[in-house]
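Here, each number is a calculation from the coordinates, and none is a lab measurement. For clarity, every value in this text was computed on a predicted model and none was experimentally measured. Cβ atoms come from the backbone with ideal geometry, glycine included; neighbour counts cover every protein chain shown.
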Amino acid sequence: MPPFTFATTPTIVFGAGKAGEIGAIAAASLGPRVLVVTDRGLVAAGLLAPVLASLAAAGLAAAVHDAVEADPKEATVLAAADTARAHGATGVIGFGGGSSMDVAKLAALLAMGRERLADIYGIGNAKGPRLPLMLVPTTAGTGSEVTPISIVTTGEIEKKGVVAPVLLPDVALLDPDLTLGLPAPVTAATGVDAMVHAIEAYTSGSANNNPVSRALALEALRLLGRLLRAAVARGGDREARAGMLLGSMLAGQAFANSPVAAVHALAYPIGGIHHVPHGLSNALVLTEVLRFNAAHAPGYADLAPALFPETAGLAPAARARALVDGLAALCREVGLPPRLRDVGIPESGLDLLAGEAMKQTRLLVNNPRPITLADARAIYGAAW
């Protein structure tokens, strides 16, 4: 067995209602002055108020930075770090979806004043130290609460990643009640995003693809495949919401150590250029990337029964085809737009998407099959 390294968030707190205990947990791990990084939508929805009350009851002084947007820009990250310094923060809480958690990671790092954002893009360039950090997801999709990765939009359209062990938080708090009532389209898109994490982790070409990540990916897919439809159809289904949140976290642990590949590489420009949410961007290119990879990714045959148990008795090649076709059908069933044209992307824009995707070398290197510029353009064309 080849050597590998597996790292994850050291403390994971999971359970319905656990957000009500955030004050006591933060008091033990973040210090007396806390910055909460979130977005205005969650504040308006009232989800943050109980968290702030719990922090106050525990005697913590909390400041809120609620200016996080989807696909956060460098200026957003720098502003959050400035707020942390101005507050004299002793710890940071990221509360929200992947964008808020990603900004919180970098705010905790940059608030120390020892590193510049421009210098730490890429793998292993951020060294730390950082402020103590807790992440609290309010969607079941990104798995950011257990990954050492933060994605930032640089310039107008390009996304870059900061990837380093120091970005793994100290505590992940997962409360499925925070995801109750999440709109069906968001539930569907983030759920498919988590599936992509598991699929790409299991079949990653990374030298660190390992048996722990593969086991987590399989269990994640079993949960997500069994519960996604219920979570989309019944927003208040606590069992479905809990399973989706757990599945998302397991997939996050998997790809944090066995990194994702071409689906994400081709999805990033869709979000950066056309402002399509990340989970939906992944769904739009998922099946065509899998078709491109299928003959070079024998692991697809292993994954099919986890999502679609009825495929277990098929031959390996048939299972792989069933995985691709089944995912396409599942995306339609949960209401996701099936084609790039359905989200307003013109055919004339596919060349730009392909060129931008090829800049995602950090991800493309992990794909089971090498992708050229012509391949990327053909995949987008097939997805259009």
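Counting only alpha carbon atoms, the long axis of helix 278-293 and the longest principal axis of the chain meet at about 30°. Here the stretch 335-384 is treated as a Stokes sphere of Kirkwood radius computed over C-alpha pairs; at 10 °C and 1.306 mPa s its diffusion coefficient rounds to 137 µm²/s. Across q = 0.16 Å⁻¹, the stretch 101-235 modelled as identical point scatterers on its alpha-carbon atoms has Debye log10 I(q)/I(0) values of -0.95, in the order of the q list. Relative to the longest principal axis of the Cα atoms of the chain, helix 74-87 runs at roughly 20 degrees. Taking a Cβ cut-off of under 9 Å around residue 173, the surrounding Lys, Arg, Asp and Glu residues balance to a net charge of -2, with basic ones at +1 and acidic ones at -1.
The GluC sites (Glu not before Pro) of the stretch 72-166 that meet both conditions, a loop assignment by DSSP and at most 16 other Cβ atoms within 10 Å of the site Cβ, are 156.
Restricting the calculation to Cα atoms, the chain shows an Rg/Rh of 0.95 when the hydrodynamic-style radius is the Kirkwood one. Looking at the chain, the DSSP beta bridges with both ends there are about 25 percent antiparallel. For the stretch 1-91, what does the alpha-carbon gyration tensor say about shape, rounded, prolate or oblate, given a ≥ b ≥ c as the root eigenvalues, a/c under 1.5 as rounded, and a/b over b/c as prolate? Oblate, since a/c reaches 1.5 and b/c is not below a/b.
With the convex hull drawn around the C-alpha atoms of the stretch 269-384, the volume per residue stands at 98 Å³.
Taking every alpha-carbon pair under 8 Å whose residues sit at least 6 apart, the chain reaches a relative contact order of 15 percent. Normalised radius of gyration (Cα atoms, divided by 2.2 N^0.38 Å) for the stretch 257-329: 1.19. Partners of residue 159 within straight-line reach, counting aspartates and glutamates whose Cα lies under 20 Å from its Cα and excluding those fewer than 8 residues away in the same chain: 39, 69, 71, 74, 102, 115, 119, 145, 193, 200, 351, 356. What Kirkwood hydrodynamic radius do you get for the stretch 211-308 when you take the inverse of the mean 1/r over all pairs of distinct Cα atoms, in Å? For the stretch 211-308, the Kirkwood estimate is 14.6 Å. Axis of helix 262-274 versus longest Cα principal axis of the chain: the two differ by about 60°, to the nearest ten degrees.
Listed by chain and number, the lysines placed with their C-alpha closer than 30 angstrom to that of residue 160 are 73, 105, 127, 359; residues fewer than eight positions away on the same chain are left out. Each Cα pair under 8 Å and six or more residues apart adds its sequence gap; the mean of these over the residue count of the stretch 126-261 is a relative contact order of 33 percent.
Based on C-alpha pairs under 8 angstrom that are at least 6 apart in sequence, the stretch 43-137 has a relative contact order of 26 percent.
Positive contributions from Lys and Arg (+1) and negative ones from Asp and Glu (-1), summed over other residues with Cβ under 15 Å from the Cβ of residue 204, come out at +1.
Among the trypsin sites (Lys or Arg not before Pro) in the stretch 52-125, those placed in a DSSP loop whose Cβ has at most 10 other Cβ atoms within 10 Å are 116.
Modelled label positions at residue 16 and residue 69, each set 7 Å beyond Cα in the direction of Cβ, lie 3.8 nm from each other.
If you average the alpha carbon positions of the stretch 145-201 and of the stretch 251-272, how far apart do those two centres end up, in angstrom? Taking the Cα centre of the stretch 251-272 as reference, the centre of the stretch 145-201 is 10 Å away. Spin-label pair residue 233-residue 342: with each label point 7 Å from Cα along the Cα-Cβ axis, the two points sit 1.9 nm from one another. Expressed in Å, the radius of gyration and Dmax of the Cα atoms of the stretch 32-74 are 11.4, 34.
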